[in-house]
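Engineer: Could you have a look at this structure, given as structure tokens, before my questions?
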Amino acid sequence: MANSPLGGGISSLPLELYDKIVACTVESINHRNDLWGRKSIYEDVPATLKRLRLVNRSFYYASTRLLFRRIDASLRGSSDSLANVDKIARSDFASVVSKLIIGWGGPCSLDEAVEFYQTLPEIFSLSLTRFENLRWLAIGNKASFVVEQPALTERLLKALADHPPSRLEGLQFDIGNVPCTNRRLALLAPVMSNLRYLYLLYSDNYIYAGDSGLFSALQHGRNLQHLCIRGLFHDANASLDCIPAEAPLRCVQIAYMNISFEGIRAILKFARTLVYLDIARVNLTGGTWAELVEELSNLPLLSRAFFYRCSYAQERNKDQDAKDSWSMRALEQKFKSRPSDIISCSHRDVVKDFLPEH
């Protein structure tokens, strides 16, 4: 080893190289970079990182940083996953956690599910106080069959409001089947200021209208780039006008919602940044889709627009359906998308499918 260019061997490498070696090893397993990640991508990573920790002290620290970077505390047959989160949150490794996936359902017995969701709020609150470098957070609430879901949602939202992660950039929250009332989602306001990605999945199966509080919280989303809202059919205050005009909004997905013409037309204020738009099963409470599409066609950066089964909250005549369909086809031609994707459906849906090419 005296003539080796490494001199003292692998132990003499600069510390930053260990991080790069370990990162490359993990990347070769993943084969892709996914924002939230899927379980299959990470199956082999923990075992590999644990083996690398045995090589030497430098590999130990480099591998540890990646090993605890992403924590998946989903319900998969026991509450052990939450116990692991609790253990990590109380350890010296808490500072390296940057992504937390918690609360999503999986195969389990009824007793295990009850224990999991009863323990979840306390562990979640502890995680928010200890994971100081948390950047991505995915919360699932599939507890309607074991606990009172609105109460659980409220406890999780309150934990976020009381302990907002200062570095949080991405939030995915499956709210579950919770009534659109009591301004519950206004509790998201403290985490909005730094968010770049917000994915909110709502199962609004209740028939009475109300104010979810979401659109009040969005007033603080000045850094939002990607926004996805599914549900909230009965939120009387649904409007994109609440998002600050300075937000660099690039991607918008909304589905299963009633919204006013002015409320959705407000998206035009992001003409300098918007590149992707996906609207599905959205009902206008005023105005027409033809008017909106005509204005959308003038957005300089919009390169992909999807419309699926969009209609009206009130009955419209066939002439209006024809105008809407014509407008969609005109926009389709402007994007040079495939032909005949946009049709007026028999149950008064404006469009069936709209899939422009890149």
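Engineer: Could you give each residue of the stretch 289-304 its phi-based ³J(HN,Hα) in whole Hz, using Karplus coefficients 6.51, -1.76, 1.60 with θ = phi - 60°, and x for Gly or Pro?
Structural biologist: Each residue of the stretch 289-304 in turn: 5, 4, 4, 5, 4, 4, 6, 4, 5, 9, 6, x, 9, 5, 10, 9 Hz.
Engineer: Once R0 is set to 41 Å, what does the formula 1/(1 + (r/R0)^6) return for the Cβ-Cβ distance between residue 92 and residue 285, expressed as a FRET efficiency to the nearest 0.05?
Structural biologist: Values: r = 54 Å, r/R0 = 1.31.
Taking R0 as 41 Å, the efficiency between residue 92 and residue 285 is 0.15.
Engineer: Can you sort 115, 122 so the residue with the fewest Cβ neighbours within 10 Å comes first?
Structural biologist: Listed from fewest to most nearby Cβ atoms, that is 122, 115.
Engineer: What residues qualify as long-range amide H neighbours of residue 182, i.e. H under 5 Å apart, gap of 5 or more or another chain, H built at 1.01 Å from N?
Structural biologist: 211
Engineer: Another question, then. Per residue of the stretch 124-132, in order, report the coupling 6.51 cos²θ - 1.76 cosθ + 1.60 (Karplus, θ = phi - 60°) as ³J(HN,Hα) in whole Hz, putting x for Gly and Pro.
Structural biologist: 4, 4, 4, 4, 5, 7, 9, 7, 6
Engineer: For residue 313 and residue 109 in the same chain, what is the full-extension length gain: residue separation times 0.36 nm, less their Cα-Cα distance, in nm?
Structural biologist: 69.3 nm
Engineer: What's the extension gain from residue 322 to residue 133 if we count 0.36 nm per residue and subtract their Cα-Cα distance?
Structural biologist: Extra length available between residue 322 and residue 133 comes to 62.8 nm.
Since every read-out is calculated from the coordinates, none of them should be taken as a lab result. All values derive from a computational prediction rather than experimental measurement. As a convention, Cβ positions derive from the backbone with ideal geometry for all residues, glycine included, and neighbour counts pool all protein chains shown.
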